[in-house]
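As structure tokens, the structure follows; a few thoughts come after it.
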Amino acid sequence: MTRKTRKVTPGTESRTAQVLLITLALAFLAFFLMLPLIAVFSEALKQGIGPFLDAVANPDAFSAIRLTLIIAAISVPLNMVFGLAASWAITKFSFPGKNLLLTLIDLPFSVSPVVSGLIFVLLFGAQGLLGPWLSAHGVKIIFAVPGIILATVFITFPFVARELIPLMMEQGKEDEEAAVSLGANGWQTFWHVTLPNIRWGLLYGVLLCNARAMGEFGAVSVVSGHIRGETNTMPLHVEILYNEYDFVGAFAVASLLAALALVTLVLKTVLEWRFDLHSGARH
Amino acid sequence: MIRVENITKRFGNYPALHGIDLEIQAGEFIALLGPSGSGKTTLLRIIAGLEFQDEGHVHFNGEDVSDIPVGKRNVGFVFQQYALFRHMTVADNIAFGLTVRKARNRPPKAEIKARAQELLRVVQLEGLGDRYPGQLSGGQRQRVALARALAIEPSLLLLDEPFGALDAKVRKDLRRWLRDLHKQMGLTSIFVTHDQEEALELADRVVVMDHGRIDQIGTPEQVYMEPATAFVSHFVGETNRLPDGRHIRPHDIEIVAEGRDRVMVDNVFRKGGSWRVEGRLHETGTIVEIDIDSHDTPPAVGETVAIAAKRARIFSAAEQR
């Protein structure tokens, strides 16, 4: 260690503080974010590319990947529509219960995912409120794909709406009023005026929604039943493989999820850049 | 002809308009003048059909349009912040009202394009049709908004604070230009403003509003020279209110050799083509503003002078709002 003998001026002191803070932040990032990411990929490829590909191509892993993609393909479009509808209603109209709706939209964020999952078990499970009626009609929701979709839709509901509401709030409703005053109907106004105004925000919200839909563990874990090849999503499959000491398999599937996160991050950065550019040129 | 009948509007508990009656003839240029919160913009939006009255009726040429929404009233509305569609070119913005028409009423593409070009010429923005609103100056955007509203050949043109977002020089040029355009095209127009100078310069008739009521409807000459209420007298032009109840315009005060009212001069400065003298009445300390012809010699600061009113108004209790 060097000893400080030199007289410290305020300028150099703040310089030292700066370097210290930046080093600290970088060290923190490296330790908590970069290191685990590297570990995931290195563990996955520890025994070479062959075992990695085998693990990914394993029928159970393959089915988990397929299920995850199906879940995302259903829940993301649903939440895009729900999110758009909710943001449109909240920002362009005033109605009683508006604040309650705003609070409800945040509910999935404030409730533990495990509890969210349990809600669906209590509603649709065999001992649940609607369970007897459902089983009498041969409808299976819990421990089946519909339950996983329900849980995922619930968990990812806020992403699109939370992204759009502040944006649409800031934009106000003058553009829509102008369109309507020029004779446009509701659909034309939405398609030609509102949607172009919010497209980057919407895309960003959909991206975040998708990342969460694919990565959700807690709520899905409760309703899925962990049936291999049937109701296992990628995160659940990773857990099972890991508990069975199949590290290469677990990390191989995990690395796919991590890769998805990286792609999301890159797209998000690109979008933010476009978005800033766009809003910067507005006035 | 536009007839507004007994319009009342509340926003929650806040009364925005109380029993407004107004008649506008075809070809008139009308200013709705008032401070913020006077209800002028709400009235404009109700006439447009962007907002709906709680009570009362709006008639366009004898037809009751009270429950008809804005898109079916055939009005052109120019928004304060212009509300241009920023992802569309200027030409597409102007053509919007024609392109969204139902197929059977929609002119052919070439005709829409020609119409947009013609309007660009009318608003003196030829050659800028391919630009985006973000690439235009404030004054240019304002004219695009106007062209877009005119494209649907509205029977009534409504403008909400049309010059509010512009700087002083551009504002003055656009003002003159808008008045010429209104005459040339034979439009019927209503605009909202809080700027009395703008209202007096542009309008055929001025509607002075305060607290959701109309205080006076009259020509610029009438509202300036014969204000109906104390509020109008103070809001349209400047007025000194003396303790004895007289309301006197600064240019209606003269400095005399002998007089009952004596003013101690605090400040003298040049204001346009005259001297502005600010002082206080001797007895009560009431602030008095006096305009003196710039060729005359103004009193010195600290001097005490006698004043006399060339013309004064006294308002009855009912007119004291």
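The values are calculated or read from the model by the stated rules, or taken from the named source; none is laboratory data. In this text the structure is predicted, and so the values were computed from the model without any measurement. FYI the Cβ positions are ideal-geometry reconstructions off the backbone, even for glycines, and counts take in every protein chain you see. Side chains included, ligands, DNA and RNA excluded: accessible areas come from the protein's heavy atoms. Shrake-Rupley method; radii C 1.70, N 1.55, O 1.52, S 1.80 Å.
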Anchor B:Lys310: lysines whose Cα lies under 24 Å away (excluding residues fewer than 8 positions away in-chain): B:Lys271
Filtered hits (aspartates and glutamates, Cα-Cα < 15 Å from A:Lys140, offset >= 8 within chain) -> A:Glu230
In Å², nearest 10: area of B:Glu5 left accessible to a 1.4 Å probe: 60 Å²
Of all accessible surface on the protein assembly as shown at a 1.4 Å probe, what whole percent is carbon and sulfur? 60 percent
Can you tell me how chain A classifies by the Cα gyration tensor, rounded, prolate or oblate, using a/c under 1.5 as the rounded cut? oblate
Quick check on the protein assembly as shown: take the gyration tensor over C-alpha atoms, sort the square-rooted eigenvalues as a ≥ b ≥ c, and tell me if it's rounded (a/c under 1.5), prolate or oblate. prolate
Just the Kirkwood number for region B:2-230, please: inverse of mean 1/r across all distinct Cα pairs, in Å, one decimal. 18.2 Å
Non-local amide H neighbours of B:Glu55 (under 5 Å, H modeled in plane, Pro and chain starts lacking H): which ones? B:Thr8
What nm value, rounded to one decimal, do you get for the distance between A:Val266 and B:His295 when each label is placed 7 Å out toward the C-beta? 8.1 nm
Rounded to the nearest 100 Å², the accessible area buried between B and A, both sides, probe 1.4 Å, is 1800 Å²
Per residue of B:289-300, other chain Cβ atoms within 10 Å number on average 0
From the Cα gyration tensor of region B:1-84, with a ≥ b ≥ c the square roots of its eigenvalues, which class applies: rounded if a/c is under 1.5, or else prolate if a/b is larger than b/c, or else oblate? rounded
Hey, which of these cross-link pairs are over 27 Å Cα-Cα: B:Lys40/B:Lys72; A:Lys268/B:Lys109; A:Lys92/B:Lys169; B:Lys72/B:Lys183? A:Lys268/B:Lys109; A:Lys92/B:Lys169
Any chance you could check region B:81-116 for residues losing 20 Å² or more of accessible area when the partner protein chains are in, compared with the chain on its own (1.4 Å probe)? B:Ala83, B:Phe85, B:Arg86, B:His87, B:Phe96, B:Val100
Can you give me the C-alpha center-to-center distance between region B:194-244 and region B:44-78, rounded to a whole angstrom? 26 Å
If r is the Cβ-Cβ distance from B:Glu118 to B:Ser36 and R0 is 35 Å, what FRET efficiency results, to the nearest 0.05? 0.40
Modelled FRET efficiency - R0 30 Å, A:Asp54 with A:Ala259, Cβ distances, 0.05 increments: 0.95
Largest first, what is the accessible-area ranking of B:Glu63, B:Glu238, B:Glu198 with a 1.4 Å probe? B:Glu63, B:Glu238, B:Glu198
Accessible area (Å², 1.4 Å probe, nearest 10) - B:Asp54: 90 Å²
Report, in order of residue number, the helices in chain A meeting two criteria: a C-alpha extent of 24 Å or more along the helix axis, and a mean Kyte-Doolittle hydropathy of at least -0.5; treat each whole DSSP H run as one helix. A:10-29, A:59-92, A:145-171, A:195-215, A:247-280
At a cut-off of 30 Å², which residues of region A:174-190 become less accessible once all protein chains are present than in their chain alone, using a 1.4 Å probe? A:Glu174, A:Asp175, A:Glu177, A:Ala178, A:Val180, A:Ser181, A:Leu182, A:Gln188
Exposure rank, largest accessible area first [B:Lys9, B:Lys113, A:Lys98; 1.4 Å]: B:Lys113, A:Lys98, B:Lys9
Sum -39500 (n - 2.57) across every DSSP H segment of at least 4 residues in chain B, then divide by the residue count to get the 222 nm mean residue ellipticity, nearest 500. -7500 deg cm²/dmol
Going out from 0 in 10 Å bins, what whole percent of all Cα-Cα distances in region B:239-319 drops into each bin? 19, 55, 22, 4, 0
Please compute the per residue accessible area over the protein assembly as shown with all protein chains in place, 1.4 Å probe, rounded to a whole number of Å². 51 Å²
Given the protein assembly as shown, what percent of its DSSP beta bridges are antiparallel, to the nearest 5? 75 percent
If r is the Cβ-Cβ distance from B:Phe269 to B:Glu201 and R0 is 25 Å, what FRET efficiency results, to the nearest 0.05? 0.55
Quote the accessible area belonging to B:Glu153 in square angstrom, nearest 10, computed with a 1.4 Å probe and with ligands, DNA and RNA left uncounted. 120 Å²
GNM on chain B, C-alpha springs below 10 Å: top fluctuator among B:Glu226, B:Glu55, B:Glu126? B:Glu126
Ranked by accessible surface with a 1.4 Å probe, highest first, in what order do B:Lys271, B:Lys72 come? B:Lys72, B:Lys271
